[in-house]
1. When ranked by the protection proxy of mean other Cβ atoms within 10 Å per residue, highest first, what sequence do the peptides A:310-318, A:72-80 form?
2. Taking region A:247-313, how much of its Cα-Cα pair set, in percent, is spaced more than 17 angstrom apart?
3. Let me know the charge dipole size of chain A about its Cα centre in debye, to the nearest 20, where only the beta-carbon of Lys, Arg (+1) and Asp, Glu (-1) is charged.
4. Within a Cβ distance under 12 Å of B:Thr281, other residues only, what is the Lys/Arg minus Asp/Glu net charge?
5. Have a look at A:Ile87, A:Ile57, A:Phe106 and report the one farthest towards the positive end of the charge dipole of region A:1-148, computed about the Cα centre with Cβ charges (Lys/Arg +1, Asp/Glu -1).
6. Ratio of chain B's C-alpha Rg to 2.2 N^0.38 Å, to two decimals?
7. Average partner chain C-beta neighbours within 10 Å, per residue of B:118-124?
8. In whole percent, what relative contact order does chain B give with Cα contacts below 8 Å and a gap of six or more residues?
Amino acid sequence: MAAHRDKKGRPVVAITGMGLVTPLGIGKADNWKKLTAGQSGIRAITRFPTEGLRTTIAGTVDEVYEDGMVSSELSQKLALLAGREAIEESRIGVSGDFPGPLFLAFPPIEIEWSQRFALAAASGANEKIEYGDLVRVAANPQFHDFYEESKYGVVPEHLAETFGTKGSPISLTTACASGATAIQLGLEAIQRGECEAALAIGADGSITAESVVRFSLLSALSTNNASPQGASRPFSKNRDGFVLAEGAAALVLEDYDHALARGAKILGIVEGCGEKADNFHRTRSSPDGKPVISCMRNALADAGVTPDDVDYINAHGTSTPENDKMEYLGVSTVFGEKIKTIPISSNKSMIGHTLTAAGAIEAVVSVLTILNQRIPPTINYQVPDPAIPLDVVPNVARDAKVRRVISNSFGFGGQNTCLVLTGEPA
Amino acid sequence: MNTAREVWITGVGLVSALGEGLDQHWDRLMAGGPPPYDDKTFAPYITFPLVPVSFDSQIPKKGDQRQMEAWQRIGVYAAGLALTDAGIAKNTEILDKTDMIVAAGGGERDVAVDAAILTDARKVENRDPFVNERLMSDLRPTLFLAQLPNLLAGNISLVHGVVGSSRTFMGEEASGVDALRVAHSRIAAGQSEISLVGGAYNGTRWDLVLLFRLGTPLLEPPFRPVWDRGPKGALTLAAMGAFVVIESRAHAEKRGARPVARLASIQSSRNLRKPGDAEATLRAEWNEIAGQVKKDGAVVISGASGAEPATSEERSVLAAIGLPVRATATHIGNGMEAQFLANIALGCQAVRAGTLFPGSGSGDVGQAPANGIRQAVVTSVGHWRGEGLALIERIG
């Protein structure tokens, strides 16, 4: 049998396993049930005291969190859960011996306040505490764990060892587009013929008081603390910011012929990917929308398809005033007249914004949308924004013929990445 | 897909404790003076502060400089040097299609705010709410953007207009190797024509001295070269920024670019660092390229970190290879994500200048080959994980 090639003559890249953890639950089945039931995973934060914070709600994954965990530990646990589900579903390799590289989208981590206070206490400094006092006691073996919990290279190393992935594990960040970038790197590696499979994971369990403060100070977060489940309102006129959330998704990417040869179930195809950096501002998109438009067009061109071939848009849809307006400008320019009829919904209305993990989570949901021929809604859509006339699949899931999805991811620092996903070729 | 396209390095930007630009670095190294370390600021630990730099020349807007912390300014500056060296600075047509992979660490914290909160919290009964309130009132809103790793790439897009694509890898030394490896593979395979690749690091910060001291010995006086820091080894945290522009030969020739060197091969690997692991991995990588290396015209530019036993294991592999060796961290310190790119930059200069600076320490062996240097083997044995190896070749 001749090898399958895409329209560009490249190996076709299939998805043969997927794993998902979000504030809605652990595993794809539970998540899909809740996503199509229009449930919200946002709640009041109970993990740490929220007095003094402007925002006190988030999509924390409380089922996975254990007392005293720092961000790197929780994020790693989320990544492990999603990775295991994906690898088990794909039935690729043998346990602990994944036949390809790891691409991990992971939050930047650092020493946390609990650790700083432990060091300060050990320093015995009584008057003024300086960093030098903390350094003085740092070599004490009791603090060695802080080192491994705060270095960037450690979690990818642990995951590579656990899953038995091949080669140097790549840990990456492109802010809120990171999950999509992890998939893109795996896609490209298989297209280059470097490997027959790759494990792409996006994970983020980094909700701490300080992370809430940082986003609050940038006025990025919803302050609708009174109504957690109604706070994330993408494309609504009364949207007031995004809701921080945690979660992870993993995808086993595999050369289509390799997957066929071993009789794997094909869940979907990563047909194309596009990216474009924006040099307008550190946190805001270019007002003319050009980078976002280019990004989507690059993805469609990479897949060798046109806007007419797309049945559904999985929006970045953060629920910030700025993003949703910009995304409308982008999709309406790219899709033209068709934008009046194509459904576009935001998973973040239910899950919140899982930052580093979002692009991977939304790719998994996009594939579930194709597999189930059912589109998860944009919930909390009570007050439409007249400046954003879109079919957002308001509040209730919808059965629809969905063969091809474009999934958008845009982030701080001018990061834009779009994926084109489709079902198994007929 | 064509996987055999030749990849050229056409621009190099380097700034470290030794100076800025390849010529300044080489002049200082060839002069053989004492390394430019600082044993006072973070005493008892030795660090390598950045040489004084006029950031205005590459980051003209003061507003942009204010929005960045030191590590980002260093990186944006070095990226500008590389783009200028490649002759594509301000060339919007090329920059619009220039891809970018940055290896980045985290940004600096506001250590004054941290220290004040730690001090004041001691008298407070209900600590967590107190910290919440102080963070809300004391943190500068824009500090977050100076802490996010991907905002180095974001600032390069803003200041220099590199917007083809933007990806940021994390994870100490190995991330620098992987950044260059992925960019190289993409060009070799026809997925990209031209890429800016690099990293920046500012290790002359209390928050990073703290992080590394938690798990790794840091060098205390007297200063010793990386090879000679005793059985436990030691690092010297440093500030540096290093970027290269790499492109397909066809793309370089079409625009009339002057090549610095050919990036012939690059590999990266990991292992669990059981005794002998680093040695075995590096040897396996060497075996992959050994057939391409002509021993009478090649040198090793070593990325040995000074950590043990990794440094001793690397020395054992290099001794068996038998090429002249120079370790650069003795002279510029440990720049983590930026280290490998800095070493690539110095490797470029070795093949371009054809000279080799005086050895320093027991692992620096051999002299510059009599008939010049045509190849540089660049190593990266990370202080904790990651073994990388690249081969750079003179063109023409």
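The numbers here are math on the coordinates, done by the rules we state, and not lab data. As the structure is a prediction and not an experimental result, all values here were calculated from the model. Cβ placement follows ideal geometry from the backbone for every residue including glycine, while neighbour counts extend to all protein chains displayed.
1. Details: A:310-318: 26.6, A:72-80: 24.0.
Ranking, from highest mean packing down: A:310-318, A:72-80.
2. Numbers: 1339 of 2211 pairs.
Looking at region A:247-313, the distances longer than 17 Å represent 61 percent of pairs.
3. Values: 39 positive and 49 negative charges, 242 e Å.
In debye, rounded to 20, chain A gives about 1160.
4. Numbers: positive: B:Arg270, B:Arg273, B:Lys274, B:Arg283, B:Arg385; negative: B:Asp277, B:Glu279, B:Glu285, B:Glu288, B:Glu313, B:Glu314, B:Glu387.
Summing Lys/Arg as +1 and Asp/Glu as -1 gives -2.
5. A:Ile87
6. Details: Rg = 20.7 Å, N = 396, 2.2 N^0.38 = 21.4 Å.
Cα Rg divided by the expected 2.2 N^0.38 Å: 0.97.
7. Numbers: counts 14, 7, 2, 5, 8, 0, 0.
Mean shielding count: 5.
8. Working: 927 pairs, mean separation 98.1, N = 396.
25 percent.
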